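The values are calculated or read from the model by the stated rules, or taken from the named source; none is laboratory data. All figures in this text were calculated on a predicted structure; none of them were measured in a lab. Cβ sites come from the backbone with ideal geometry, for glycine too, and all protein chains shown count toward neighbours.
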Amino acid sequence: MHRSVVAFMSSTDDRRRLVRCVVGLVLCGIGFSALVRADLGLDPWDVFHQGVSERLGAPIGVVTVATGFVVLLAWVPLRERPGVGTILNALIIGTVMDLLIGRLPEPGAWPSAWAMLLAGVVLTAIGSGLYIGSRLGPGPRDGLMTGIARRGHSLRLVRTAIELTALLGGWALGGTVGVGTLVFAMAIGPLVQLSLGHLSMSEREAHAAVVTPTAGTPGSGPGR
């Protein structure tokens, strides 16, 4: 990290950004929990997390946290530097998922399942907007993508390849792929873009968050 945590916390602006980051990550954790509980299909990375969880008998949140830190190891040869938000991302989302999934009600009939799915997508988008807007570092998986892309590859192609690999690997391991996977893939980018523009950010800040590699890639999905 470029600055120590103590130095970072000495600035009022940085503390506000940290609060934005943490709240956003908690909302992402809630959103992903709702997607798991709806059981209509998960986002590509959670298909992978769920598949590994099923094979190992470990909670999906634990797998999410562990995967985040394993992915961070791949940053070393890419010479990527994690930010405060990167570490918080790796820790908070999976922890919230394990705390919440068992406490959410069974969706029951399909209208309830769809309501939970859509609520999960919207909450994930709002949380991603807050997290990306804090500009405290990309999520582990986004950092892997941007690090590879900086070696002269198409950002969109790299993201597609990584997420397709996670999706197919998770499906092969028993992760849930369904209509919710398609809904998430189609809706999350535009919703994150929308949330970035309506979360107390100036137009200049929102633009910077979108185009700065370390801020994530909201056009393609949440900052993970």
(message) Are there helices (runs of 4 or more DSSP H) fully within segment 72-178 with at least 3 residues that are closer than 26 Å to ARG17 by Cα? List them.
(response) 84-100, 110-134, 140-149
(request) Just need a number here: residues in segment 151-167 that are touching a Pro at 6+ places or on another chain (Cβ under 9 Å) and modelled with pLDDT of 90 or more. (result) 6
(request) Scan segment 83-104 for residues that are over 18 Å from GLN50 (Cα atoms) and surrounded by fewer than 20 Cβ atoms within 10 Å (Cβ to Cβ) and jot them down. (result) ILE87
(request) Being farther than 22 Å from THR160 by Cα and surrounded by fewer than 24 Cβ atoms within 10 Å (Cβ to Cβ) is the filter here, so list the residues in segment 123-145 that pass it. (result) LEU123, ILE126, ARG135
(request) Within segment 73-96, work out how many residues are under 22 Å from LEU27 (Cβ atoms) and not β-branched (Val, Ile, Thr). (result) 8
(request) Sort through GLY57, GLY68 and tell me the only one that's small (Gly, Ala, Ser), within 22 Å of GLU163 (Cβ to Cβ) and modelled with pLDDT of 95 or more. (result) GLY68
(request) Being crowded, with 24+ Cβ neighbours inside 10 Å and among the acidic types (Asp, Glu) is the filter; apply it to segment 37-64 and report the residue that is nearest to GLY94 (Cα to Cα). (result) ASP46
(message) Can you confirm whether ALA109 is surrounded by fewer than 15 Cβ atoms within 10 Å (Cβ to Cβ), at pLDDT 95 or above and not hydroxyl-bearing (Ser, Thr, Tyr)?
(response) no
